[in-house]
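**Q** Shown below is the structure under consideration.
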Amino acid sequence: MEDQEFLELFGQSANLLRERTMQQILEENAEYQQICQAENNAEKQYLQLDLTEAQRRIIDELLSMRERSCLLYADTAYLAGIKNVLQMYRALHL
């Protein structure tokens with residue numbers, strides 16, 4: 001198996017495990033559930049605003065960029081956590 005192929009397979013496996021673990025944790029997190037409910041309510045209010053199509057596109061673009069940056073930040077934090085665990089593992093000679 002080539003290095004690149006291994007890395008891709010490893011990445012896919014890590015993503016699957018991460019998603020399963022995160023879903024379980026988030027389902028049990030009351031604060032996250034409250035935030036999701038508040039987000040849904042805010043979206044309903046947003047959709048009821050009397051905005052022009054241009055205004056709505058600007059807001060949608062802003063929200064999209066914020067979501068993308070948050071997802072990228074979360075992915076980076078996850079990878080940093082894995083890297084830190086591996087460094088601690090090596091430092092402890094395990």
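**Q** Evaluate segment 74-91: report whether one residue or more is open to solvent by less than 90 Å² (accessible area, probe 1.4 Å), assigned to a helix (DSSP H, G or I), at pLDDT 95 or above and among the hydrophobic types (A, V, I, L, M, F, W, C).
**A** Looking for residues that are open to solvent by less than 90 Å² (accessible area, probe 1.4 Å), assigned to a helix (DSSP H, G or I), at pLDDT 95 or above and among the hydrophobic types (A, V, I, L, M, F, W, C), one finds none in segment 74-91, hence no.
**Q** When residues of segment 1-15 are filtered for being open to solvent by 90 Å² or more (accessible area, probe 1.4 Å) and over 13 Å from Ile82 (Cα atoms), how many remain?
**A** 9
**Q** If you don't mind, another one. Of all the residues that make up segment 39-69, how many are assigned to a helix (DSSP H, G or I) and either open to solvent by less than 90 Å² (accessible area, probe 1.4 Å) or of a type in the set (Val, Ile, Thr) (or both)?
**A** 14
**Q** Any residue in segment 70-88 that is under 19 Å from Leu7 (Cβ atoms) sitting within a Cβ distance under 6 Å of a residue that is part of a helix (DSSP H, G or I) and of a type in the set (A, V, I, L, M)? List the pairs, counting only those 6 or more apart or interchain.
**A** none
**Q** Report, by residue number, each residue of segment 17-38 that is open to solvent by less than 90 Å² (accessible area, probe 1.4 Å), more than 28 Å from Ile59 (Cβ to Cβ) and under 14 Å from the mean Cα position of the chain (by Cα).
**A** Passing the criteria: Arg18, Thr21.
The values are calculated or read from the model by the stated rules, or taken from the named source; none is laboratory data. On a predicted model such as this, the values are computed, not experimentally measured, just so you know. A quick note on method: Cβ atoms are made from the backbone with ideal geometry, for glycine too, and the neighbour counts reach across all protein chains shown. Note: accessible area is taken over every heavy atom of the protein model, side chains too, but ligands, DNA and RNA are not part of it. Shrake-Rupley method; radii C 1.70, N 1.55, O 1.52, S 1.80 Å.
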